[in-house]
Structure formats: structure tokens, C-alpha cells
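Structure record follows, encoded as C-alpha cells.
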Amino acid sequence: MNYRKRKIAVLGSTGSIGTQTLDVISQHPQRFEAYALVANNQVEKLIEQARQFKPEIVVIANSEKYELLKDALSDLPIKIYVGSDAIEQVVQDSEIDIVLTAMVGFSGLQPTIAAINSGKTIALANKETLVVAGDIITKLALENKTPILPVDSEHSAIFQCLNGEGYNQISKIFLTASGGPFRNFSIEQLKNVTREQALNHPNWDMGAKVTIDSSTMMNKGLEMIEAKWLFDVSPSQIEVVVHPQSIIHSMVQFNDCSIMAQLSNPDMRMPIQYALSYPERLSLNTEPVDFFKLTELSFEKPNTEIFKNLQLCYNAIKEGGNMPCILNAANEIAVELFLQNKIGFLQMSSIVEQTMLKSVFIPAPTLDDYKQTDTESRIIAHEVSKSIN
Ligand code: MN3
């Protein structure tokens, strides 16, 4: 059969999701083409990727790296751009079919909006986009008839469980969580957790931000908010289940109490590839589940007294408005400070909690309100961090 190649813009191509996306693309060169590569800062890696994949367009967000990039690729017919405005321009290129958004944090919002407005299919790896402005994004996607395909493994699992279900009502989503490296830690033990310990995730190999978020369970909280927007469910319909083996990636229960689950060994390339090839499934060189080698599949209730972030996220979606945006901004600062060894592990959720109390609540924010909230909450989070213990 002859297929038209899907042309893909990879936003955040040098990060963990970005490099795995390029791996998927390289496995199926007759199906996918890396049309545009966008990176924030890692210019050496971007140069290497550009030489290997020969995209039409390469963008670097950091202007200080532009000259280096331009010189290094001067022998190739690649268009090279710089800055965040360029990213917004590039995603609108009429040749692009799919925009894979794997930038970190709030920075993913604006390019995602530009891509939706120009009718691109979104392969969404940047969960913060929906956390911050889920109402605006889902409305825009509906107006532009743009599909948002989840790349997050849990949401991809839910999406796969919903295949063929049409208008059947979801009664519940079981969002599985590995529980991270500190699942059985006490508050006392968590106090002394170091940056290095937190960066060492037992099952998944991911970027620094999401790995820290996993260790604090903030990642699962953000995923609850992401699930609410992607699947139009209320917070009370989402149950977080700790499943340390990371084999079941999430489950959906219907009104007859039948439950669908998606299982596989943890490999991010699977949800990435499914988003790129949807609705088709392509072969993937990954290790299949061997049930006879699994010692057990176990399930636990998360401890929200120790991992306060889950409760904070739940509160944020229930309050709505700009509260999830406040939470996200405070968390981005908290993770940054923790990675710089400036605060302890438990102080991360304290910063988020305090910032949520001190920021101005807006019940029905506009896009500009969200941008302002993001800026102000970051300032408040920094202030809070100085007095917190
Ligand atoms: Mn996930």
C-alpha cells in the first residue's frame, strides 16, 4: 500500500520524549518524516539531529546559540530560525501534519495554541499545556476540529481503552502511578531525600522535570488534571492507583462495571508511536510482556498525607479558574529550586501550597490572565521559598 508520509514537527526534539520520537521516526522512514526540529537550548544535540534527519526547518529558542547552529549547518539546505516567535510561525507551516509538543512546562502553551489554530493534529506530550489552560485549549481544538492525541503513557492507555466505545459513558478512570522511588518513605525519610535520589526513577527514563514530579507525585496530580480535560470527566471520576510494576498504564471502567486496561512493558516509544500512527498500529522493537516472568501486579492507595501534591492538584481542579495555572507555576519554580539544591524535598509541596493561598484567584481567566497568573505566581513562589522551612 502507498501511504502519504506524515510530516512531523518535534517541539523539544533534544529532550527525552523528543529523542524517542526521532527514534520512532527513524524506524518507519516510509511513514514519518521529521520536518521541523525545535529545541530550547541543547544546540550540540540539535546539530547532530539535524545532520542525521535532514529536516526542512530547525529552530533554537535560545538566541545565544543561533550563530553556532547556523555555522554548523551551513553546508545543508536547512532553514534555521531563532526565538519563541519563530516556533509559533514554524508550527503553522502548511506542510506539517502533526505537531508533537514535548517542550517542558508553561513554554509549551503558546506554540500549541498556534498549531491548533492552524489545524494541525497535536501529539501532546506537554501535560502542562492542559493543566494551565485546559478550558481554552479544548475549546480551541473543538472549534478547529483538531485532534489532540495523548503521548503521556497513562492518557494513551485511556485513549486506547476508549477505542470503539463511541458514546458509551465512562464511569471511572483508574490512573495508575508507579509511586516513584519513595513510595514507602516516611515524612522523616523524605526530609533528607537528595536531588540525586529523586532523579533516579525505578521504571521510567525521563527528563529531569518529570522525574522530580514523579518522585513528589506531582506528576500524577498534573495527569489527573490532564485526564479531566482530555476525556471530559469530573475529578471525582478519576482514581489514582499506585501500581509499582508499571505494566498496566491505566484503566477505564464503564457503567456496567466492565474495565478495560492497556498493558505493556514501560517504553515511552509505544505511546509516542501510537499518537503518530493513529489509528493504525505499527510494529515496534520493544520487549513484549512475559506473564510467566512477572512476579506480581500489585495495587495500593496513594498516601496523600505524605504526598500532599495529589491533594493540592485535586483541590486545584475542583476550584478551577486559574488555580491549576498557579499550582503549575509554583511547582515549576519549586522543582527548579530543588534541582539547584536550594530547598529540601518536602519544601516543594509547601511552596506550591503557599503560592496557591497567596495568588489572586480568577474564576474565568482569559489567555492573557493565564500568562499574567503564570508570571505573578512564579514571583510569589520565589518569595515564599525564602521564608519556608
Ligand atoms: Mn505519565
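Worth pointing out:
- Reciprocal of mean inverse Cα separation for the range 206-313 (Kirkwood radius, Å): 15.9 Å
- Surface accessible to a 1.4 Å probe, per residue, for the residues of the range 100-231, Å²: 36 Å²
- Label-point separation in nm, Glu296 to Gln27, each point 7 Å along Cα→Cβ: 3.2 nm
- Summing Cβ point charges (Lys, Arg +1; Asp, Glu -1) relative to the Cα centre of the chain gives a dipole of roughly 160 debye.
- Mean-position separation - Cα centroids, the range 364-379 and the range 208-247, in angstrom: 23 Å
- Under the criterion of Cα pairs below 8 Å and six or more residues apart, the relative contact order for the chain equals 14 percent.
- Those lysines that a straight Cα-Cα span of less than 24 Å connects to Lys308, excepting residues fewer than 8 apart in one chain: Lys127, Lys172, Lys191, Lys209, Lys220, Lys228, Lys318, Lys342, Lys358, Lys386
- Nonlocal amide H pairs with Asn322, under 5 Å, H built at 1.01 Å: Ile362
- Its relative contact order, with pairs defined as Cα atoms under 8 Å and 6+ residues apart, puts the range 6-151 at 21 percent.
- Computed on protein heavy atoms with a 1.4 Å probe, the accessible areas place Trp229, Trp204 in the order Trp229, Trp204, largest first.
- Each label point was placed 7 Å from the Cα along the Cα-to-Cβ direction; for Asp205 and Gln340 their separation is 3.0 nm.
- Largest mean-square fluctuation among Ile137, Ile272, Ile259, in a Gaussian network model of the chain whose springs join Cα atoms under 10 Å apart, belongs to Ile259.
- DSSP-assigned coil residues among chymotrypsin sites (Phe, Trp or Tyr not before Pro) in the range 1-67, each with at most 14 further Cβ atoms within 10 Å: Tyr3
- From the Kirkwood radius over Cα pairs of the chain, Stokes-Einstein at 25 °C and 0.890 mPa s returns a whole-number translational diffusion coefficient of 114 µm²/s.
- Comparing Glu287, Glu353, Glu48 in a Gaussian network model of the chain, where Cα atoms under 10 Å apart are tied by springs, the biggest mean-square fluctuation is seen for Glu287.
- The Kirkwood hydrodynamic radius of the range 169-266, based on inverse pair distances between different Cα atoms, is 14.5 Å.
- Here the dipole of the range 1-154 is about 460 debye; that uses its Cα centre as origin and unit charges on the Cβ of Lys and Arg (positive) and Asp and Glu (negative).
The values are calculated or read from the model by the stated rules, or taken from the named source; none is laboratory data. Since we're looking at a predicted model, the values are computed, not measured. Reconstructed Cβ throughout: ideal geometry from the backbone, glycine too, with neighbour counts over all protein chains shown. SASA here: full protein model, heavy atoms, side chains in, ligands and nucleic acids out. Shrake-Rupley method; radii C 1.70, N 1.55, O 1.52, S 1.80 Å.
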